[in-house]
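Some notes on the structure that comes next.
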Amino acid sequence: MKKIFLCSAIGVVCLALISSCNLSKADSVPENLVKESDKAVSDVAVAETSVEVGGTMMVPSKNIFDNISNSKDHTTFIAAVKQAGLVEILSSDDLFTVFAPTNQAFSTVPKAILDSLMKPEAKADLTKVLTYHIVLGKLKAADLKDGQELITVQGGKLKVSIKDGKVMINGANVTIADVVSSNGVTHVIDGVLMAK
């Protein structure tokens, strides 16, 4: 009799433990809320890394070309990228750092020179100018050091200067830094870089 009672008591305790485990699981945060919470944190992280350029938010999930082509301040740069046939490169999965001159920067280049570069027969020269603005790898402003030399895709060198926290590339000011894209980073600059 004592054996039967003992077995029954153990069975009741086991049932109580099992039901309390189930109860604590039911009382925990529902799975869908955990996922929503994770998503909210993820959205905040994306929002923090998004930067507005030319009136449009640059989205880290888009590639360099797709992002910068939405900037109203870079229509000349994008037209030149298309003319030079560099869309595929700036849309690829390879990592690049691009120093992107604004329309205002291009306006300082004599019109005759710019018009000449945009002609089909000058594609090779235009490509040299644009690839002088591109460096392999993803370099944020914090990765750049005063006096550093960067080797461009064109093969030339860019000189980094940093003074009072302001970054300059060959004397052109970085006006918006760290525009993160899926395949690298863009820095907006106020001058067109010309290889010497």
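The values are calculated or read from the model by the stated rules, or taken from the named source; none is laboratory data. Since the structure is predicted, the reported quantities are computational estimates derived from the model, not experimental observations. Cβ atoms come from the backbone with ideal geometry, glycine included; neighbour counts cover every protein chain shown. Calculation scope for accessible area: heavy atoms of the full protein, side chains included, ligands and nucleic acids excluded. Shrake-Rupley method; radii C 1.70, N 1.55, O 1.52, S 1.80 Å.
Each Lys and Arg contributes +1 and each Asp and Glu -1, all at the Cβ; summed about the Cα centre of segment 94-164, the dipole is approximately 20 debye.
Each of 115, 94 has its accessible area taken with a 1.4 Å probe; listed largest first, they run 94, 115. Length available on full extension from residue 196 to residue 182: 0.36 nm per residue minus the Cα-Cα distance, which gives 1.9 nm.
Around the Cα centre of segment 40-171, unit charges on the Cβ atoms of Lys, Arg, Asp and Glu (plus for the first two, minus for the last two) sum to a dipole of about 400 debye. On full extension, the segment bounded by residue 107 and residue 148 gains 12.0 nm, given 0.36 nm per residue less the C-alpha separation.
For residue 182, nonlocal amide neighbours, meaning residues 5 or more places apart or on other chains whose placed amide H falls under 5 Å from its own, are 62, 63, 64. Pairs exceeding 31 Å between alpha-carbon atoms, taken from 119/166; 62/145; 111/145; 72/140; 138/196: 119/166; 111/145.
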